[in-house]
Amino acid sequence: MPSMPPMQRISRRTFLGGGLTAAAVTVTGAPLLTACGSSGADTSAANLAVTLPTYKRYAGVAPDLPATDRVLAGFLRYPAHPVRAISEKPGDGKPISFLTNIPGAIPPAAGRNPFWQAVNERLGSPLTISMASNDDYPKKFATQVAGGDLPDLVNIPPTTVELPALLKAKCHDLTRYLSGDAVAKYPFLANIPTEYWKGCVFNGGIYGVPVPRGMSRTSLPLYRVDLLAAKGIKRPAPASFAEFLDLCKEVNDPKRHRWAWTKPPTDYVRQMLGIANNWAQHGGKFTSKYEQEANLEALEATRRMVAAGVVNPDAFSADASARKQWFNGGVAVFDLDSFVAWNQYYATNTAGDAFAVDMLDVPGYSGGQGKPWMGAALNNITAFAKSAKHSVETMLAVANWMAAPFGTEEYLFRKYGLAGRHYTLEGTDPVPTKTGVVETGIGLQYVCDADMALYWAGKPDVAKRQHAIQQTIAPRLLFDDSYGLYSETMSRKYAQLSAVLLDVENQIVQGRRPVSSWKDAVKSFLSQGGEQMRTELAKAHADAARR
Amino acid sequence: MSRRRDAPSWPMRAFKGLVLLVFCALVVLPFVGVVSTSVAPDRQINEAGGLVLLPDSVHLDAYRSLFAGGVVTRALGISVFVTVVGTFASLTVSALLAYALSRPHFSARRPLLLVVLFSMLFSPGMIPLYLVVKQVGLLDSVWALIVPTMVSGFNVIVLRSFFAGLPGEIIESARIDGAGELRIFGSIVLPLSRAVLSVIGLFYAVGYWNAFFNAMLYLNDSTAWPLQLVLRTYVVNDTQLGSADLGTEQLPPQAAIQMAILVVSIVPILLVYPFLQRHFTKGVLTGAVKG
């Protein structure tokens, strides 16, 4: 029988106290988060007054393929002598608690996990991590907030409602530690581009450190180079939707259990038509990507693709992991996904050495150039609880350690673990072992992180291809104009209303509803919250403009 | 003549057999698919698009991955502990409560019954329950998986109905022979109630075995997580196993892992059924026909 965590003594008084607390909450319906009442203090004017941290690129590691403000740095191999960039242990000796989601399997606990133990040793403070799966995390987070049980470092889910009020009530304002040149004390936080810090500003202050993604999450059609080559197609570059559809038909082969697409690429067609990346702003007026007239054309085009049979017929019931299997197994040739997924496909490749992936550019719908969407800037922000028994400086030093970039010894350790146990060196490239994969997945990347580097161990071609497509699309990237502007309605309702529209979209492209029904769905979206979001975003933008 | 009328013709028998065969296949084939996919080679799973009915060869990589690192093994131990101890505790408390509620001379019977019925009609909700668990000091304790769900109002009512239907003469005669209430309960009532206790025990056991949500809320330390919650992170997380944002190396495909998880989580509770099957019909009918 496993050893059980100790049970605290329950007195009659504590038991009754618990019952009364629950009764109070049940009757009043008010969770005991009294300090989190919405104060309305999150004015964009105040937010704009914040001087964001001054960006200072870390010069200790020179990439093989240079970065720009949009294109990520590329490395053909891991530097032979990684720089040890931080000499002092950032921790203060006391345990630091962290609440986070984790994307994979549960790693072994600290007592049985040499990587976790090594992290504790290097931090100089034991790290206790409370984890939940991606799906369960928002519920766990909400319950712990309501119960007043925030850990020292909190991974804040992007969909959290009343976020400014929560941050103001429960978390440290980091402005005086990070604003402007003050960030220079933490060189790897200063190495995070200024754009990412916009998403950390609430209530007129900086309330967290960013976990940046941006370009690495930009999603375009990934394709199997090896499967196209077998059909005699090299470096496909369709110049319009019509050519793109022809390409799909050419590689489609249902008789051999192979389809062009894992799912209907509606968002790709939207990018061909120049539809907004989430929200577009012109002259202070915001327009949702859903309400633009060109959606009807995008839906009709995608419906034609489904009708032509170039999309796997199980696409509408399959989850993402099934679609990844189709791509890896050659059941599908194209998948609309990001640079992160590109690497993951190499991680899970079962097709042998010939397996190769590349990405399509976006043509204009009728010719010319399309407008690719920049990926969401942040994965999450991490805030520091006021209840933490550590100084803000200590917690920032820990975040700084977590943000040491590619090429440093700290990054090598954080992502790959201990040489010999968690990875083996092939040349200078670290190749993870199975143990390494399981033991290193403790969620450190959600405390803080450096920008992604374009790199795949042992395959310099991957970084070259990724860098090349990023250079091609960078000048045409379309940004989400709502980024950095807070809308309460959006945080409450956007995910729910978008899911309804996605359902309508799926029915339309399957031919179960006419394309014209999209207009009614959008009307409903606007009346149930979309208009309110538009108003709030416009107000936030106007406040910003006045500064 | 009458024999010919009673016995169905062979086409009818064949038809019935076919219908039963189809239903059996509908039940058995998904399970076969689950087991086959869990042991199928990764290339075959990818080529089949996720589900394999007949594996080309048998590979146990998924099970090895699952049990590597000791996380699943430990979680299995915790689940067994919670299920065994929880079921025993629930049965004890529920049977005692139900027996008290079934005794006509018990003065607090009516208000207590109302409390039980109230708990069936109104749920406290997630956050109040969390606050109770926190206030009584059960957070991060494995007992948080047992104590808050120890008594089910429905099961108490079923047990009470059964106890109330026991012949009063037997209990009276035991009392005349000098037996106290506990003696009557232990020596007379419980032995007569094996069928209903088996079924209610099964309900509780399945409930404890399948529970994951309370563990997710109440246990921050993942070393105390039960099997279902650990397995849920493999199945529900829509990402490849073990891949952090930068991706890592080749692993058994997600489908094989997911199916191995299903096998691991189904088999233990499946093994309990044959031992309780003979009590099942009688026990289930108890609540249905007696008020």
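Derivation of every value follows stated rules applied to the coordinates shown; laboratory data play no part. The structure displayed is predicted, hence computed values, not measured ones. Positions of Cβ are generated from backbone atoms using ideal geometry, with glycine treated the same way; all protein chains shown enter the neighbour counts.
With neighbours defined as other Cβ atoms within 10 Å of a residue's Cβ, the residues B:Met120, B:Met126 order from fewest to most as B:Met120, B:Met126. The distance from the alpha carbon centre of region A:69-127 to that of region A:489-537 is 41 Å, rounded to a whole number.
A simple spin-label model places pseudo-atoms 7 Å from Cα toward Cβ; at A:Asp503 and A:Ala542 they are separated by 3.5 nm. Cross-link list A:Lys249/A:Lys459; A:Lys249/A:Lys519; A:Lys263/A:Lys324: which exceed 22 angstrom alpha carbon to alpha carbon? Correct reply: A:Lys249/A:Lys459; A:Lys249/A:Lys519.
For a straight C-alpha distance cut-off of 25 angstrom, the lysines reachable from A:Lys198 (same-chain residues fewer than eight places away being disregarded) are A:Lys56, A:Lys168, A:Lys170, A:Lys185, A:Lys285, A:Lys289, A:Lys371, A:Lys386, A:Lys493, A:Lys539.
With each label modelled as a point 7 angstrom along the Cα→C-beta vector, the B:Val206-B:Arg109 pair spans 3.1 nm. Relative to the current alpha-carbon distance between A:Ala354 and A:Ser524, full extension at 0.36 nm per residue lengthens the span by 56.3 nm. With helices as the sole contributors, the protein assembly as shown gives -15000 deg cm²/dmol at 222 nm; each DSSP H run of n ≥ 4 counts as -39500 (n - 2.57), and the sum is divided by every residue. Based on Cα contacts under 8 Å between residues 6+ apart, region B:24-166 shows a relative contact order of 22 percent. Each other residue within a Cβ distance under 11 Å of A:Arg224 adds +1 if Lys or Arg and -1 if Asp or Glu, for a net charge of -1. In terms of other Cβ atoms within 10 Å, A:Val504, B:Val206 run from fewest to most in the order B:Val206, A:Val504. Which shape class, rounded, prolate or oblate, goes with the protein assembly as shown when its Cα gyration tensor gives a ≥ b ≥ c as root eigenvalues, a/c under 1.5 marks rounded, and past that a/b bigger than b/c marks prolate? In terms of gyration-tensor shape, prolate.
Overall shape: oblate for region B:1-116, with the ratio a/c of the largest to smallest alpha carbon gyration tensor axis at 1.5 or above and b/c at least equal to a/b.
Specify the inter-centroid distance of region A:269-340 and region B:163-189, based on alpha-carbon positions, in whole Å. Region A:269-340 and region B:163-189 have Cα centres separated by 71 Å. Net charge in the neighbourhood of A:Leu174 (other residues with Cβ under 13 Å of its Cβ; Lys, Arg +1, Asp, Glu -1) is +2. Each label point is 7 Å from the Cα along the Cα-to-Cβ direction; what then is the distance between the points at A:Arg476 and B:Leu96, in nm? Each label point is offset 7 Å from its Cα along the Cβ direction, giving 7.5 nm.
The simple Förster model, with R0 at 30 Å and r as the Cβ-Cβ distance, assigns A:Leu418 and B:Thr73 a FRET efficiency of 0.80. Counting every other Cβ atom within 10 Å of each residue's Cβ, A:Asp335, A:Asp361 order from fewest to most as A:Asp361, A:Asp335. Rounded to the nearest 0.05, the FRET efficiency derived from the C-beta distance between A:Lys389 and B:Ile269 at R0 = 35 Å is 0.20.
Please state the shape class of region A:364-465: rounded when a/c is under 1.5, otherwise prolate if a/b exceeds b/c and oblate if not, all from the C-alpha gyration tensor. It is oblate, given that a/c is not under 1.5 and a/b is not larger than b/c. Result for chain B in a Gaussian network model with C-alpha springs under 10 Å: among B:Ser198, B:Ser187, B:Ser94, the largest mean-square fluctuation is at B:Ser187.
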